[in-house]
Amino acid sequence: MEKIVIEGKTKLKGEVTIGGAKNAAIAILPATILINGICTIDNIPEISDIKICCDILEKIGVKINRISKHTLQIDSRNITSVEAPLDLTSKFRASYYLTGALLGRCKHATVGMPGGCKLGARPMDQHIKAFEALGGEVEIEQGRIEVKAKKLQGNAIYLDVVSVGATINAMLTAVLADGVTTIENAAKEPHIVDLANFLNKMGANIIGAGTDRIKIQGVKELKKEGTYSVVPDQIEAGTFMLAAVATKGDITIRNCITKHLESVTAKIIEMGAEVEDFGDAIRVNCTKRPNKVNIKTLPYPGFPTDLQPQMGVAMAIANGTSIISESIWDSRFQYVEELNRMGAKITAQGKVAFFQGVDKLIGAPVYATDLRAGAALVIAGIAAEGTTQVYNIEYIDRGYEDIEGKFAKLGAKIQRVNE
Ligand code: EPZ
């Protein structure tokens, strides 16, 4: 079993370079199923969710040539199965994209119900609504979702909740359908825009991605070859921005799109840190104890739920009592108990948590409860006095490439240890 061991207390200083966005890459890779050809995708992060995604694609006939650490050549000419293996799909959430992509290409998909971080109820009703609106017949049996369509026909889809996954699945199903599909109340996250950019580069006709109305004119087929580079990961960038605040450090974050980070930047400034925005890089310099602040997580462009636990660490040591109101997931405060083991004073009641700032955190053995909670505990360990051991780091490896290496380059005394 691996764990991350950290000797605090370090003020992080220096530069870090951000990799490709996990949540864009794990949509773009299944999207290659729609291409009866070969494409090369660059800036793919080396994380375990990507590895599982590639394993599944290979099981259904996609050939993947690993050109370099971050570049894959993907040959989807020969899809041999419409059935994604249950044991692998249950390991990660974004396996639901295989349903939309296989349905779009083969008019038939059988995919295990998705796994992923346990953040509370993760229904798929909006995905199903989209499949059915476009002509799919859906059956859920024995942990599998099977969708078949005689023909896929464009339609108007109104999403009852703003859902990243349902928006992407609707896009994947609609790209090769007959006629026009509109998705109303669509999610606007940068990875939705990135998927649309990729598909459009490959010959799709999608307009409006990044707004709440996406229009897709179905095309007969996509191009047989192409190249694409995945957008930088705004959540990884935000994680380092908040690490600068929580450790009273000075970090310059390179290779990010600062426009995607506006909600985080605004809150960090409110906390009293200095922020310099260079467009494709951002510097966060925090010279004093952060001020208290309140946040409510919201779909993009609101404050992202995926940065809520990392912000929680900065609030835990802020001056005064801060409040987080989580509006996306029912169970995203599981990390609170772990931070309290380190001396934090946080009370969570349902989807609201109160962070009574303390002078310092003290190292302790702690357990990652999900991916972003894991990143938050690493930041807490760097900020805390003494030794912190972070367990369950397989959660962190799902979405952060070389997290210990990147923090070590910023001065953290951090290492991965195999027990
Ligand atoms: C994506 O999950 C991300 N995952 C999550 O990131 C992120 O937290 C989330 O979007 C919100 O930004 C991936 O991109 C793989 P949703 P997703 O559908 O698509 C409700 C991380 O740490 N809903 O936008 O599964 C749902 O219950 C991960 O990187 C329905 O009610 O999220 C939630 O309350 C964790 N019915 C809200 O919508 C549905 O059919 C938003 O969920 C679908 C969703």
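In the chain, taking the dipole from charged Cβ atoms about the Cα centre, the farthest positive-side position among V231, F333, C106 is held by V231. Only the Cβ atoms of Lys and Arg (+1) and of Asp and Glu (-1) were treated as charged; on that basis the dipole of the chain about its Cα centre amounts to roughly 300 debye.
Evaluated with a Cβ-only charge set (Lys, Arg +1; Asp, Glu -1), the stretch 1-63 carries a dipole of roughly 200 debye about its Cα centre, given to the nearest 20.
Over all pairs of distinct alpha carbons, what does the Kirkwood formula give as the hydrodynamic radius of the stretch 125-226, in Å? Show your work: numbers first, answer last.
Numbers: mean 1/r = 0.0738 Å⁻¹.
Kirkwood hydrodynamic radius for the stretch 125-226: 13.6 Å.
Contact order for the stretch 1-125, expressed relative to its length and based on alpha carbon pairs under 8 Å spaced 6+ residues apart, stands at 22 percent.
When each of the peptides 163-170, 44-51, 122-129 is scored by the mean number of other C-beta atoms lying within 10 Å of its residues, the order from highest to lowest reads 163-170, 44-51, 122-129. Here the stretch 1-105 is treated with +1 on each Lys and Arg Cβ and -1 on each Asp and Glu Cβ, and its dipole about the Cα centre works out to around 240 debye. Each principal axis of the Cα cloud of the chain was evaluated for its coordinate range; sorted largest first, these ranges are 63, 44, 40 Å.
Farthest toward the positive end of the dipole of the chain, out of I192, I414, G272, is the Cα of G272, where the dipole comes from beta carbon charges about the Cα centre. When all alpha carbon pairs of the stretch 177-307 are counted in 10 Å bins from zero, the resulting P(r) reads 12, 35, 27, 17, 8, 2 %.
For the stretch 277-327, relative contact order (Cα pairs under 8 Å, six or more residues apart, normalised by length) works out to 44 percent.
Taking the longest Cα principal axis of the chain as reference, the axis of helix 234-246 is set at about 10 degrees. Expressed as a whole percent, the accessible surface of the stretch 22-229 that belongs to carbon and sulfur atoms is 48, based on a 1.4 Å probe.
With every protein chain left in place, what is the accessible area per residue of the stretch 22-229 in square angstrom, probe 1.4 Å?
Spelled out: the 1.4 Å probe surface of the stretch 22-229, per residue, equals 39 Å².
DSSP assigns beta bridges within the chain; of those with both partners inside it, close to 70 percent run antiparallel. Its residues counted as N, the stretch 22-229 yields a C-alpha radius of gyration over 2.2 N^0.38 Å of 0.91. Per residue, the stretch 313-419 exposes an accessible area of 37 Å² to a 1.4 Å probe, with every protein chain left in place.
Its residues counted as N, the stretch 265-318 yields a C-alpha radius of gyration over 2.2 N^0.38 Å of 1.14.
Given the stretch 307-419, what whole percent of its Cα pairs are spread farther than 21 Å? Don't skip to the answer; put the middle values down first.
Working: 1950 of 6328 pairs.
Everything past 21 Å amounts to 31 percent.
Ranked by solvent-accessible area (1.4 Å probe, protein heavy atoms only, all chains present), the residues Y335, Y96, Y395 order from largest to smallest as Y395, Y96, Y335.
Note on the stretch 56-173: Cα-only Rg and Dmax are 14.4, 41 Å. Ranking I79, A243, A373 by Cα position along the charge dipole of the chain, where only Lys, Arg, Asp and Glu carry charges on their C-beta atoms, puts A243 farthest toward the positive end. Beta bridges per DSSP, both residues in the stretch 183-284: antiparallel share near 90 percent.
Here the sum of -39500 (n - 2.57) over DSSP H runs of 4 or more residues, divided by the residues of the chain, equals -9000 deg cm²/dmol at 222 nm, to the nearest 500. Across the stretch 22-229, C-alpha contacts under 8 Å between residues 6 or more apart give a mean separation that, scaled by the residue count, equals a relative contact order of 21 percent.
The angle separating the long axis of helix 48-59 from the principal Cα axis of greatest extent in the chain is about 20 degrees. A P(r) calculated from all alpha carbon pairs of the stretch 248-348, with 5 Å bins opening at zero, reads 2, 12, 22, 23, 21, 14, 5, 1 percent.
The values are calculated or read from the model by the stated rules, or taken from the named source; none is laboratory data. Just so it is clear, the structure is predicted and the values come from calculations on it, not from any experiment. Cβ coordinates were reconstructed from backbone atoms using ideal geometry, including for glycine residues, and neighbour counts include every protein chain displayed. Side chains are part of the model used for accessible areas, which takes the heavy atoms of the whole protein and leaves out ligands, DNA and RNA. Shrake-Rupley method; radii C 1.70, N 1.55, O 1.52, S 1.80 Å.
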